[in-house]
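This report refers to the structure that appears directly beneath it.
The values are calculated or read from the model by the stated rules, or taken from the named source; none is laboratory data. What you see is a predicted model; the values in this text were computed from it and never measured. When we count neighbours, we look across all protein chains shown, and the Cβ atoms used for this are built from the backbone with ideal geometry, even at glycine. Please note that ligands, DNA and RNA were not included when accessible areas were found on the heavy atoms of the full protein model with its side chains. Shrake-Rupley method; radii C 1.70, N 1.55, O 1.52, S 1.80 Å.
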Amino acid sequence: AAENAAAVRLLRFGHRDLAVAALGTAVAIGARNSATDVLLCRLLGSEGSRSGVGGSGTSSPVTALQIGMGALRAPYGRELALLHHVFCTAQPGNPESVCQAIEHFGTEVLSKVNLWLKVAGGLKAEAILQAVSEANVTSSGSVLEVGTYCGYSSLRLAASLPPGAQVTSIEADPVHAIIARNMIAFAGMSDTIDVIIGHSREVLPLLTTRSRGPRLPFDVVFLDARGSGYEGDVEELEKQNLLRPDAVVIADNVLKPGAPLFLWRMVAGGGWTTRIFSVPEFAMPAEDWVSVSIRQGPTSRRTGASAPPSDLLALHKQADRIRAQAGTDPGSSVPFSEWTAFASEMRERLGHAGIFAELFECLQKK
């Protein structure tokens with residue numbers, strides 16, 4: 001997987017021969033996988049696929065019992081099992097097939113043993129893509145994602161855009177980034193999606209100086225990382241002039257674990273028109289919210305908004321506590337029932353601050 005990720009980066013910077021060498025190393029040491037084959041086919045044509053490209057989409061899907069609960073609960077265990085599942089069951093070069101395989105792993109493998117795959121699938125994906133479609137991104141457009149995880153939303157975003165548009169995704173965890181790059185390579189989308197390793201607070205200020213960096217400004221931003229960092233990400237994007245005057249900012253998980261200060265900033269801070277949609281969490285019996293904010297001109301910075309209520313500050317700390325309790329594997333350390341109760345409490349207390357959500361069906365009817 002590391003050799004594949006290196007090859008993708010080398011190709012991004014125009015070093016084709018070095019990319020072939022990296023893939024050759026994977027073959028030589030016995031580390032070749034389905035993503036390696038897709039990349040070799042792209043670079044060498046039929047010569048790169050003589051041993052066959054895996055992932056015909058016909059292999060039997062794995063089960064949690066076959067994987068083993070110990071492996072699933074181990075660090076990065078479920079993410080590596082997910083990558084194997086996709087290689088075995090999805091069709092290479094087919095982003096929709098890859099996304100369906102990812103969703104299947106979340107609903108039919110992990111959820112059966114009360115584990116959660118933290119991707120914005122199901123109705124969440126529909127809400128996010130509906131908002132992206134209303135942004136009218138063109139073939140020369142650019143989308144930013146903060147929080148790649150395993151690449152699911154990157155693939156959904158890229159597949160929804162017109163040919164030529166680009167997706168840049170920032171991921172703080174290098175292991176998740178390598179898994180995502182392999183997932184994206186297997187789906188045949190490495191030319192469209194660029195995964196950058198680093199924390200958003202460090203990467204965003206450098207985007208304007210980055211060699212072969214993304215097209216700027218961004219038309220759409222999708223926030224899907226630590227909710228307590230969303231407010232700072234938006235402020236940095238505005239400070240660096242990285243947003244189109246009418247850019248759309250979409251944020252996931254603003255109810256669970258929650259982003260109360262971000263919601264206050266987008267609803268009460270001025271410069272943005274915001275709608276918040278209630279959607280079921282993917283593969284978990286709990287409610288979550290997705291916010292969609294449209295920038296109102298090039299100077300949509302905070303305009304003297306009142307300080308957030310003290311209870312929102314308390315909620316902010318409470319959200320960070322449950323996020324820390326969950327760690328990188330929310331389903332294993334926080335029971336589904338506790339997530340459901342937490343979301344209910346968050347909804348009630350946000351309502352006291354005048355922050356409410358509407359059902360996603362309202363967006364579909366517009």
Item checked: the range 192-209: number of residues that are in contact (Cβ under 8 Å) with a residue 12 or more places away in the chain, open to solvent by 30 Å² or more (accessible area, probe 1.4 Å) and under 29 Å from L82 (Cβ atoms) -> 4
Margin query: Looking only at the range 162-178, filter to residues that are open to solvent by 10 Å² or more (accessible area, probe 1.4 Å) and touching a strand residue (DSSP E or B) at 6+ places or on another chain (Cβ under 7 Å); which one of those is nearest to T138 (Cα to Cα)?
Written below: Q166
Checklist line | Lone qualifier among I170, I184 - being within 19 Å of V98 (Cα to Cα) and of a type in the set (V, I, T) | finding: I184
Notebook entry, point to check: Of the conditions (1) at pLDDT below 95; (2) more than 29 Å from A319 (Cα to Cα); (3) in a helix (DSSP H, G or I), H176 fails just one. Which one is it?
Noted result: (2)
Check: Does D252 satisfy the criteria of being over 21 Å from G14 (Cβ atoms) and open to solvent by less than 30 Å² (accessible area, probe 1.4 Å)?
Finding: yes
Next item on the list: Report whether or not G331 is modelled with pLDDT under 85, outside any strand (DSSP E or B) and surrounded by 15 or more Cβ atoms within 10 Å (Cβ to Cβ).
Entry: yes
Next item on the list: Read through the list (1) among the hydrophobic types (A, V, I, L, M, F, W, C); (2) under 18 Å from the mean Cα position of the chain (by Cα); (3) open to solvent by 30 Å² or more (accessible area, probe 1.4 Å), then give the number of the only condition that F222 fails.
Entry: (3)
Checklist line | Members of the range 171-190 found to be free of Cβ contacts under 8 Å to residues at least 40 places away in the same chain and in contact with a helix residue (DSSP H, G or I) (Cβ under 8 Å, 6 or more places away or on another chain), listed by number | finding: E171, A180
Note to self: All but one of (1) crowded, with 23+ Cβ neighbours inside 10 Å; (2) not in a helix (DSSP H, G or I) hold for R181; state the number of the condition that does not hold.
What the structure shows: (2)
Item checked: Hits in the range 139-149 (condition: free of Cβ contacts under 8 Å to residues at least 60 places away in the same chain and farther than 27 Å from D173 by Cβ) -> S139
Checklist line | Scan of the range 26-58 for residues that are surrounded by 14 or more Cβ atoms within 10 Å (Cβ to Cβ), assigned to a helix (DSSP H, G or I) and at pLDDT below 65, ordered by number | finding: G48, S49
Next item on the list: From (1) out of contact with any strand residue (DSSP E or B) (no Cβ under 8 Å at 6 or more places or on another chain); (2) modelled with pLDDT of 95 or more, pick out the condition that doesn't hold for P285.
Entry: (2)
Note to self: Take the residues in the range 265-288 that are in contact with a Phe, Trp or Tyr (Cβ under 8 Å, 6 or more places away or on another chain), part of a strand (DSSP E or B) and among the hydrophobic types (A, V, I, L, M, F, W, C); name whichever of them is surrounded by the most Cβ atoms within 10 Å (Cβ to Cβ).
What the structure shows: F277
